[in-house]
Structures are given as C-alpha cells and as structure tokens.
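Just below is one structure, and these are the notes that go with it.
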Amino acid sequence: MMPCPGTFVRRYNSHIFGNRFSNNNLRMFRNLLYKISPASFALWLFLGLALGAALPVKAHIVEDSLRLELARRNLSEPERIMTMARLAEVVYYRREHKDGFEMIQRALRLADHLEDKHYKAFLFAVLARYYAGDDQMLQAGESMDSAVYYVKNTSHKAVLGYVQYTRGRLMVRENKLREAIIDLFRALEDLEGTEKYEWRSEVYADISDIYGQWSDTQNQRKYAALCMEDARKSGDPDAMTTAIQLKAHSFFDRFTKDMSREHLRDSALYYYKHSVNVLERHRDRVIHLSRLPVAAYHIAEIYSGYLPVSYRDSVFNYLDMAVEEARRIGEHSVLARSYIMLADYAISEEDYTRAEFLVGNAAISVHEDPVANQRIVPKVSQYFSMIREKQGKPAEALQYYKQYVREYTDKFDMEKMALAQKLEAQYEASRKERELAVLQEKLVYGKKLNQLYIGLTIIGFIAVIFLFYANQQRTRAMKQQKQLHLMEMGEIEQKNHIALLSAMLEGQEQERSRLARDLHDGLGGLLSGIKIEMSAVRNILTEAKGQGLMDKTMEHLDDAVNELRRIAHSMMPEILIRYGLGEAIKEYCERFRNSRIRMDCSVFNYTNDMDHSRQMVVYRIMQELVNNAIKHARASLIYVQLQQVEDKIFLTVEDDGVGFDMEAISGKRSAGWTNIRARVEFLGGDMDILSEKGKGTTITIECLMNVNSGSAVS
C-alpha cells in the first residue's frame with residue numbers, strides 16, 4: 001500500500017509538522033556511510049552537492065512590491081510592521097529561515113512603541129509558527145504564550161482569529177486533535193465577518209485534515225469544500241493550491257478505502273495536476289513553493305503505484321519535476337523520496353550502479369534536511385540491502401539489512417525516550433500546579449492530582465503499545481532472517497539435487513555406451529559369424545526344401561542383426577557424437593519413413609554450440625517422448641521440431657493420437673515420465689504439456705543452450 005498523499009501534503013505544506021533530524025538519526029546515517037566504499041561515497045557526495053544544491057529561486061513579485069513598500073518614507077509604523085511581517089513570511093518560506101526570524105524580531109521591536117497590542121499578539125503568533133516549523137517546540141510554546149497574553153488586551157477580530165488558529169495548529173503538532181479542533185472552530189468564530197479569506201481557508205483545511213484522520217469522510221469533504229470556497233474569494237494562489245491539494249487528498253483517501261472506484265483515483269490525479277498548473281502559472285506570486293515538488297511527487301506516486309506500466313514516462317516526467325523543484329528550494333525530504341522511487345525503477349531494470357547512486361543521493365538529501373522524515377532513513381539502508389543482494393553480495397546485503405533493523409529499532413526507542421521526557425515534563429508542570437493548588441484550595445488540588453493519574457495511565461498505556469509494536473518489528477525482522485536462511489539452504493539442496501541428477505544421467509549414458517559397444521562388437525560379430533557358417537551349410541544342402549528353410553532362417557538372422565544394430569545405435573547414436581543434436585534428430589525421424597507411422601522433423605536456427613552432455617539429455621527426452629507417442633498414443637503422425645532462439649532451445653513433440661487427461665498425468669509416477677521430468681530438471685528447463693482426449697498431445701521442452709548462458713528457466 002502506497003502512503004497517503006494527503007498526509008504528506010499537510011506535513012510539508014508549511015514545514016510545521018516535520019520531525020527534527022535527531023542526533024540518533026545522524027549517528028545511524030554516519031554508520032551507514034562508513035560502510036560505503038570511499039569511491040562510491042565520493043561520487044555520491046560530489047554529484048549530490050552538484051545536483052542537490054538548491055537552485056536560485058526566481059524573482060518574486062510579492063517580495064519586490066513589499067520591499068518597495070518598506071522603502072517608502074511616509075509609511076506609518078503599523079503599516080511598516082504588517083508589511084515586515086508579510087515580507088518575513090516570503091523570506092522564511094522561499095529563501096532563508098534565519099532571515100525570516102530576524103525580520104519578525106525587528107518588527108517586534110517596532111511594535112513595542114505602539115499602544116495597540118494586537119500587533120505584538122500577531123507577530124508572536126507568527127514567531128510561534130516559525131519556531132514550530134524548525135521543531136523548536138519550547139520556543140514555540142513561549143511565543144504562543146506571549147501571543148495569548150497580548151491578544152487579551154485587544155478586540156481586533158482578525159488577530160484574535162489568527163492567534164486562536166495558530167494555537168490550534170500547535171495542538172495538532174502535539175497530536176492533541178480534540179483540543180486542536182476546538183481552537184480551530186473558535187478561530188472561525190473570530191474570523192467571521194472579516195475579509196481574511198485566506199486565513200479562513202487555512203483553518204478549514206486543517207479541520208478537514210483532522211476529520212480525515214478520524215475517518216469522518218462526510219465532514220472531511222464538507223470542510224474541504226468550504227476551504228475551496230474561501231480560497232477562491234481570497235484570490236490568493238497559496239490558498240488556492242492548499243484547497244486544490246486538499247481536494248485531491250480527499251479523493252485519494254476515499255479511493256484507498258475502495259480501490260474498485262477508479263474514478264476517485266482519476267479525480268485525485270486531476271486535482272494534483274491542477275495544483276501544479278496553478279503553482280506554475282503563479283510561480284512569481286506563490287510563497288509556499290514546497291507544494292509544487294510535493295504535488296509532482298504525488299502524481300508520480302499515483303502513476304507508479306496505481307496505474308499500468310504504460311504510464312512509466314509520466315512517472316519519470318513528474319519525478320524529474322519533483323527533483324528539479326525540490327533542489328531549487330532545498331526541499332530535501334521530497335528530493336530523498338523521489339530518489340528512492342527512481343532507485344526502485346533502476347533496481348527493476350537491474351541497473352544497480354544507477355540505483356546505488358540514487359539511494360546515495362537520497363541519503364545525502366536526508367542528511368541535509370533540518371526537518372527530516374525519520375521513515376526515509378531506514379529506507380536508505382533497506383534499499384542498499386536490496387541492491388547488494390541483487391549484486392550477489394549477500395554479506396553486505398545482510399549487513400545493510402541489520403542496519404535497517406537497527407534504525408527501525410532506534411526509531412521506536414527514540415519515540416519511547418521522547419514519550420518519557422514528555423511524561424517527565426508533564427509531571428514537573430503538574431507538580432508545580434499541585435503546589436500552587438494546595439496553597440489556594442485543597443479541592444482543586446485533589447482534582448488536579450486525579451487528572452495527573454489518569455494522564456499517567458494513558459501515557460503508560462501508550463508506552464506499552466509502543467513497546468509491543470517495537471517487539472513485533474523485531475520479531476518480524478527475525479522471521480525474515482530465518483526465511484532468508486531457509487532460502488539459502490533450499491538453494492544448496494537444489495544444487496546438490498542437480499549434481500546427483502547429473503551423476504545419475506552420466507552413469508546411465510556411460511552404461512548405454514558400454515552396452516552398445518558390447519552388443520555391436522560381441523553379439524553383432526557372433527551373429528555375423530553364424531550367418532557366414534549357415535551360408536556354407538546352405539551350399540552343402542542339395543534339396544530345395546532344405547535350402548528354402550535355410551534361406552528363411554538367414555532372413556530371420558538378418559532381421560536380428562538389423563535389430564541389434566538399431567538397438568546399439570539407439571543406445572549411443574554415433575551421428576549425435578559426430579554431427580550434433582540437429583542431425584541426430586533428423587536421422588532418428590528418417591528411420592520411421594517406411595513404417596506405418598508418418599514422422600516429420602524440422603530443425604530451425606540450431607548452431608550446435610550446446611554442450612555434448614546437454615545435447616545427449618535433450619536427445620534422450622526426444623526418444624522417450626516419441627516412444628510414448630508410438631506405444632501409448634496410437635498416433636499415425638508424429639511431428640518433432642527443434643528450434644534455437646538466441647540462447648534457448650525449444651524441443652516440441654506433437655502427435656495426433658488419443659491424448660490423455662491432464663489431471664491424471666499430473667500424479668502419474670511411470671518410469672518414462674519420471675525419466676523425462678528428471679532430465680528436464682537436470683537441464684534447468686521447463687516442460688509444457690497440452691493434451692485433450694481424442695485430440696492428440698503437444699509437449700514442449702524449453703531450456704538454455706548452456707548452463708553459463710543465463711539464469712535457469714523459471
């Protein structure tokens with residue numbers, strides 16, 4: 001199952017809900033890189049820096065107009081503050097986070113001189129969002145507290161709504177969805193009657209996303225529609241792309257729950273493409289450019305995971321767009337995911353050098369991302385393990401696989417540690433609250449204490465769930481290792497079995513050769529001597545009756561000699577040794593010219609480059625199949641065809657006999673079929689049988705010319 005694109009959209013649209021690339025992640029990444037050859041890493045690093053460096057962002061109309069506005073000398077203090085806040089947003093999301101922070105701090109210093117505190121409330125709310133975007137949650141909380149403090153002293157509805165909305169987003173960041181949705185609805189009440197349609201659109205988007213997480217499809221669609229309505233009213237391209245991508249997510253979420261409804265997938269694809277068109281058309285006005293590579297990646301993801309392989313070109317077109325745009329703005333998480341998907345295709349094409357390069361670039365992209373997705377880090381090790389396994393390097397593959405397991409384990413250990421730290425912080429905060437409550441009122445103290453115990457119980461239960469899940473992951477990894485070991489043992493057993501078959505068939509051929517020589521040289525010579533002696537006796541006989549009897553006896557003796565030669569030739573055909581398989585099959589079929597059975601033979605493109613031992617095995621299979629057709633099928637016509645196609649041999653024996661029941665033959669254990677199956681298995685080939693009672697039989701054997709010409713036929 002592909003990851004839900006909508007979730008990815010919401011996480012990366014504003015950089016607020018990402019996870020910081022922790023020290024443990026850095027340690028795992030470095031451990032991974034230490035296992036890579038210096039030459040490979042040097043190549044990745046050089047190309048990664050060359051290709052992955054953020055490209056220059058085009059000039060931005062909004063930024064230019066805001067800078068011109070700030071240059072006006074007659075600009076009032078309130079106007080200057082709000083213009084700086086707007087410019088800080090452009091700089092933060094399109095250029096440099098540090099510059100965005102500095103501009104907000106300058107605006108705050110200007111706001112200190114104003115009596116109306118709604119400006120400071122607004123600026124602290126903006127600052128809280130920026131800190132959350134950089135995963136500095138402590139500073140985000142402090143800024144949010146300041147915003148709440150200053151907003152109490154104002155009646156400015158738009159700022160009240162914005163502060164309430166920012167608080168709701170921080171609640172989402174802490175996964176407190178019920179508290180978040182209360183704050184978001186309060187924000188809508190405060191924004192009612194204002195013309196801040198772009199803010200209202202964002203609030204509706206977050207509400208829709210929460211209902212989506214709760215699987216409430218009806219409310220998800222309702223608030224997505226309201227988001228689109230206010231986005232259109234605002235005329236803001238950022239609000240429009242948010243609404244369009246939210247609609248795409250809504251369709252895709254419904255499709256993943258019922259994949260038979262392909263029109264939902266097509267609608268999701270349409271809206272993702274629509275968002276790309278809007279972003280391209282308004283590139284010089286859009287602030288959140290990260291939505292462009294995100295949308296391109298999701299389009300490629302849908303084409304790759306849910307549409308036929310004929311859309312392969314579309315996959316690569318949108319992956320190219322995702323990579324180019326992600327590099328342009330430094331969106332390393334999207335870049336890493338795109339490289340991983342490209343590596344998937346390289347692995348499927350057995351281009352392991354390119355796959356290794358792409359996974360290496362993904363690793364570098366994750367390393368460069370200040371807000372990295374922890375799920376990508378284990379994927380790098382997983383893909384290196386796959387590549388090494390495909391390259392026939394099981395030791396390195398196992399090493400990378402162990403790294404992959406460790407990274408997943410560390411991921412869950414980090415989550416448990418974070419949970420413990422969060423519990424400790426909550427405990428300390430609650431302890432201080434209890435001390436204050438004791439001084440004020442004992443009743444309030446008891447209530448707070450009970451709430452704390454309930455919270456500890458819930459958190460402890462969550463911790464147990466995390467521990468159980470981590471243990472399940474470890475167990476699954478151990479099972480996979482065991483399966484890998486069993487596969488290796490099976491491969492060894494298969495090789496031993498083939499070696500035994502080879503020895504058995506070689507022994508049979510040696511015994512046939514010995515018997516053929518003995519029959520030809522021993523019994524054949526003896527019969528020839530008897531014939532000579534009987535010829536002499538015939539000359540002595542004078543009576544015609546005696547001579548006639550002797551002639552008849554000599555005819556029988558000639559038949560016996562011919563049959564002896566036929567048997568000896570069948571056991572070790574000399575023409576096979578001298579001229580190869582093609583001529584041997586032709587000669588074998590030619591012997592049936594004067595019999596009651598018509599036998600036709602065709603040989604196409606055979607080059608006689610096959611090992612002699614494999615030629616002999618194919619010849620024996622042909623003999624056995626023809627004998628079966630003669631003895632059991634009651635056929636009047638047998639057709640034998642030998643064909644070579646590149647490095648493969650195809651032997652077909654077809655008759656017009658009585659045929660047989662396919663189900664009956666599947667469990668049959670006759671000596672003939674056992675020998676045929678054993679020889680086909682020795683060749684590493686495949687046997688296809690088509691038969692129907694009264695309509696004849698067609699048997700096709702497919703195998704490689706030689707063992708070293710490629711992998712065995714599956």
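The values are calculated or read from the model by the stated rules, or taken from the named source; none is laboratory data. Source: prediction; values computed, not measured. Don't worry about glycine lacking a Cβ; one is built from the backbone with ideal geometry, like all the others, and counts go over all protein chains shown.
Give me the residue from segment 604-632 that is of a type in the set (Val, Ile, Thr), crowded, with 17+ Cβ neighbours inside 10 Å and within 47 Å of the chain's Cα centre (by Cα) and, out of that set, nearest to Thr698 (Cα to Cα).
Selected residue: Ile621.
Go through segment 194-208 and give me each residue that's touching a Lys or Arg at 6+ places or on another chain (Cβ under 7 Å) and either closer than 16 Å to Phe122 by Cα or modelled with pLDDT under 90 (or both).
Listed by number, the list holds a single entry, Thr194.
Go through the residues of segment 251-262 one by one and say whether even a single one is aliphatic (A, V, I, L, M) and in a helix (DSSP H, G or I).
Within segment 251-262 (the criterion being aliphatic (A, V, I, L, M) and in a helix (DSSP H, G or I)), the answer is no, since none of the residues qualifies.
Out of segment 107-134, which residues are assigned to a helix (DSSP H, G or I) and touching a residue at least 60 places away in the same chain (Cβ under 8 Å)?
Selection gives Arg129, Ala132, Gly133.
Looking at (1) surrounded by 15 or more Cβ atoms within 10 Å (Cβ to Cβ); (2) part of a helix (DSSP H, G or I); (3) over 48 Å from the mean Cα position of the chain (by Cα), which one does Ala635 not meet, given that it meets all the others?
(2)
From the set of residues in segment 254-279 that are among the aliphatic types (A, V, I, L, M) and buried (at least 16 other Cβ atoms within 10 Å of the Cβ), which is nearest to Ala224 (Cα to Cα)?
So, considering only residues that are among the aliphatic types (A, V, I, L, M) and buried (at least 16 other Cβ atoms within 10 Å of the Cβ), the one nearest to Ala224 (Cα to Cα) is Ala268.
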